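Chemist: Questions regarding the structure given below will be posed in turn.
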């Protein structure tokens, strides 16, 4: 069961963060302030899906890794604290701050500074989660990286 739940939860988490990032970038680059405010207001509601997905992926990943060892498992385990810290310390607080600022129509320097930080931190998490997905697929398929 854990082997089924883990990739589903991880995939949902990656898709949610990618969706947040793309909707933010698209709205900032190609739409008006009202659309940006709507996007920024809706993202925190997505946490109702994202947070359980990340938690489920983390718990199921810990259970799966208890029985496995190797460089791919170690790499995934090393990335997870950065993913979690980035989400808890930067992405979630930024999303709430930007939501409140956007709802107030306060598109000022502070808004765009935090928006820039959020986009960078989001890109980092997308990359790290993508690397974890790649390594997880390699673990499942039995393919290992060949030494150079």
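Chemist: Does residue 115 meet the test of being over 22 Å from residue 6 (Cβ atoms) and exposed (fewer than 13 other Cβ atoms within 10 Å of the Cβ)? Give the steps one after another, and end with the answer.
Modeler: Working: over 22 Å from residue 6 (Cβ atoms): yes; exposed (fewer than 13 other Cβ atoms within 10 Å of the Cβ): no.
No, not satisfied.
Chemist: So is residue 63 at negative phi, assigned to a helix (DSSP H, G or I) and modelled with pLDDT of 90 or more or not? Let's see the steps before the verdict.
Modeler: Values: at negative phi: yes; assigned to a helix (DSSP H, G or I): yes; modelled with pLDDT of 90 or more: no.
No, not satisfied.
Chemist: Restricting to segment 16-51, name every residue that is surrounded by 13 or more Cβ atoms within 10 Å (Cβ to Cβ), without any contact (Cβ under 8 Å) to a residue 24 or more places away in the chain and over 22 Å from residue 107 (Cβ atoms).
Modeler: 51 - this is the single residue of segment 16-51 that is surrounded by 13 or more Cβ atoms within 10 Å (Cβ to Cβ), without any contact (Cβ under 8 Å) to a residue 24 or more places away in the chain and over 22 Å from residue 107 (Cβ atoms).
Chemist: Moving on to the next point. Could you check, for segment 99-109, whether at least one of its residues is within 20 Å of the chain's Cα centre (by Cα) and farther than 15 Å from residue 9 by Cβ? Steps first, answer last, please.
Modeler: First pass over segment 99-109, keeping only residues within 20 Å of the chain's Cα centre (by Cα): 99.
Restricting the remaining residues to those that are farther than 15 Å from residue 9 by Cβ gives 99.
Yes, that holds for at least one residue.
Chemist: Would you confirm whether any residue within segment 82-100 is farther than 20 Å from residue 48 by Cα, in contact with a helix residue (DSSP H, G or I) (Cβ under 8 Å, 6 or more places away or on another chain) and buried (at least 17 other Cβ atoms within 10 Å of the Cβ)?
Modeler: If we filter segment 82-100 for residues that are farther than 20 Å from residue 48 by Cα, which is where we start, we get 82.
Those still in the list that are in contact with a helix residue (DSSP H, G or I) (Cβ under 8 Å, 6 or more places away or on another chain) too: 82.
Filter once more, keeping what is buried (at least 17 other Cβ atoms within 10 Å of the Cβ): none.
So far as segment 82-100 goes, no, none of its residues is farther than 20 Å from residue 48 by Cα, in contact with a helix residue (DSSP H, G or I) (Cβ under 8 Å, 6 or more places away or on another chain) and buried (at least 17 other Cβ atoms within 10 Å of the Cβ).
Chemist: Still on this structure, please answer the following. Yes or no: residue 80 closer than 18 Å to residue 11 by Cα, within 16 Å of the chain's Cα centre (by Cα), assigned to a helix (DSSP H, G or I) and touching a residue at least 60 places away in the same chain (Cβ under 8 Å)? Give the derivation first.
Modeler: Working: closer than 18 Å to residue 11 by Cα: yes; within 16 Å of the chain's Cα centre (by Cα): yes; assigned to a helix (DSSP H, G or I): yes; touching a residue at least 60 places away in the same chain (Cβ under 8 Å): no.
So residue 80 fails the test.
The values are calculated or read from the model by the stated rules, or taken from the named source; none is laboratory data. Everything numeric here is computed off the predicted structure, so don't read it as measured data. So basically every Cβ, Gly included, is an ideal-geometry build from the backbone, and we count neighbours across all protein chains shown.
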